[in-house]
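Inspection log for the structure reproduced underneath, given as structure tokens.
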Amino acid sequence: MTNAQDRQHAVELVNTARRDGARLAKACAEMRIGLNTYRRWSAGGEDARAHAVHATPSHALSQAERAVVLQTCLRPDFASLPPSQIVVRLLDEEARYLASESTFYRVLREANAQHRRGRAAAPRHVGPPRRHRADGPNQLWSWDVTYLAKCVRGQFYYLYLILDIYSRKIVGAEVFEAENMVNSGTVVQRAVLREQCLHQPLVLHADNGSAMKGSTLQITLEKLGITPSHSRPRVSNDNAFSEALFRTCKYRPDFPPEGFESLQDARLWVHQFANWYNHEHRHSAIRFVAPAHRHAGQDKAILEKRRQLYQVARQNNPARWSGKLRNWEPIGCVWLNPKPDDETRQLRDVLEAA
């Protein structure tokens with residue numbers, strides 16, 4: 001509906017055209033308004049169509065009939081059905097005609113009962129996942145299970161790895177013949193006892209696999225005082241720490257490409273890998289210190305020594321240093337499910353080199 005200011009402007013344009021010699025009909029056609037509209041706007045009359053009170057049609061449903069329609073739609077056997085189904089079921093099963101399908105929809109819409117009358121629940125807003133923060137070791141762990149191929153094609157062992165997200169230290173590494181909740185609980189319990197963090201605030205993050213969410217494991221976690229955390233459904237990067245660790249594991253030069261000959265061989269190799277990863281591997285996400293050093297709080301002294309050596313090197317050859325010194329500040333806290341502005345940077349750090 002055209003407002004009063006636009007109407008006045010249109011009338012002025014038509015009047016200007018008429019003064020310049022244009023015919024009224026032609027001027028109105030150019031403005032895309034009818035002659036009667038121009039005359040009404042010229043007289044200053046308001047368009048009362050939007051506020052008009054229309055007479056109720058003689059064939060309209062009465063209030064009692066509308067109430068019957070609404071009550072019928074709310075019946076338990078009809079509560080989950082749309083009007084298109086209700087109308088034909090009334091005809092076939094009860095030989096009744098109450099109103100047309102469109103009338104059913106109109107009555108429901110006016111009663112605010114068109115949607116979710118039955119078991120269909122209102123949409124539930126799922127907010128962002130809970131963010132977990134680790135300011136020190138043994139506060140936030142990530143774990144997962146991966147295959148280790150046997151020498152026999154198509155057969156596998158199962159490697160359970162638990163990673164401390166703050167320090168990137170492997171705190172649990174076990175190989176089993178099968179993947180189940182009992183083995184999962186065993187790995188977690190041994191890691192807790194080894195790290196001496198029983199009944200301390202600890203979050204254990206995993207994906208949504210059955211071995212990670214089974215009732216047996218949940219009971220074990222409750223006894224150990226551990227809070228479980230799980231990846232969001234169909235979100236691939238919620239457990240990026242464990243996935244990156246598996247890639248590092250399977251891309252080691254001494255990883256047997258033809259598979260392991262026995263369970264003992266697999267366990268021995270995993271033990272050696274975990275020892276190398278924790279004590280020798282320089283992790284890029286923690287300023288290239290060994291995970292065991294950061295886990296023990298030794299990373300600050302190591303990084304400070306590097307910073308001092310860089311300063312000495314720049315003093316000895318200042319012409320070779322055109323910019324700032326390399327950043328050797330210790331990595332601060334680590335987040336699981338960080339805010340969007342932090343997520344890209346943290347995932348890059350995780351995936352560059354585990």
(request) Give the percent of DSSP beta bridges with both residues in the chain that are antiparallel, rounded to the nearest 5. (result) 70 percent
(request) With r as the distance between the Cβ atoms of residue 194 and residue 248 and R0 = 25 Å, compute the FRET efficiency 1/(1 + (r/R0)^6) and round to 0.05. (result) 0.75
(message) Report the Rg/Rh value for the chain, based on alpha-carbon coordinates and the Kirkwood definition of Rh.
(response) 1.31
(request) Considering only 290, 52, 67, give the residue with the highest GNM mean-square fluctuation for the chain, with springs between Cα atoms whenever their separation is below 10 Å. (result) 52
(message) Going by average Cβ density within 10 Å per residue, which order do the peptides 215-225, 181-191 take, highest to lowest?
(response) 181-191, 215-225
(request) Compute the label zone of residue 313 within the stretch 258-294: residues whose backbone N is under 20 Å from the point 7 Å along Cα-to-Cβ. (result) 281-290
(request) Could you rank the peptides 250-260, 293-303, 3-13 by their average count of other C-beta atoms within 10 Å per residue, with the highest value first? (result) 293-303, 3-13, 250-260
(message) Excluding same-chain pairs closer than 8 in sequence, count the lysine pairs in the stretch 131-353 whose Cα atoms lie under 23 Å apart.
(response) 7
(message) So, R0 is 41 Å and r is the distance between the beta-carbons of residue 43 and residue 105; what FRET efficiency does that work out to, to 0.05?
(response) 0.50
(message) With the crude spin-label approximation of a point 7 Å out along Cα→Cβ, what separation in nm comes out for residue 65 versus residue 296?
(response) 8.9 nm
(message) On C-alpha positions alone, give me the angle between the axis of helix 215-224 and the longest principal axis of the chain, in degrees, nearest 10.
(response) 60 degrees
(request) Count the net charge of all other residues whose Cβ sits under 12 Å from the Cβ of residue 108, scoring Lys and Arg as +1 and Asp and Glu as -1. (result) +3
(message) What does the extension gain come out to for residue 18 and residue 85, with contour length at 0.36 nm per residue minus their alpha carbon separation?
(response) 18.1 nm
(request) Figure the gain on full extension for residue 271 and residue 131 (residue separation times 0.36 nm, minus the Cα-Cα span) and round it to one decimal in nm. (result) 47.2 nm
(request) Rank by packing, highest mean first: peptides 157-169, 17-29, with packing defined as the count of other Cβ atoms within 10 Å averaged across residues. (result) 157-169, 17-29
(request) Only residues of the stretch 153-195 count here: report those whose backbone N is under 19 Å from the spot 7 Å along Cα→Cβ of residue 215, or say none. (result) 180-186
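Bear in mind these aren't lab numbers, they're just calculated from the coordinates by the rules spelled out. Everything numeric in this text was worked out from a predicted model, so none of it was measured. In this analysis, Cβ positions are derived from the backbone assuming ideal geometry, glycine residues included, and neighbour counts consider all displayed protein chains.
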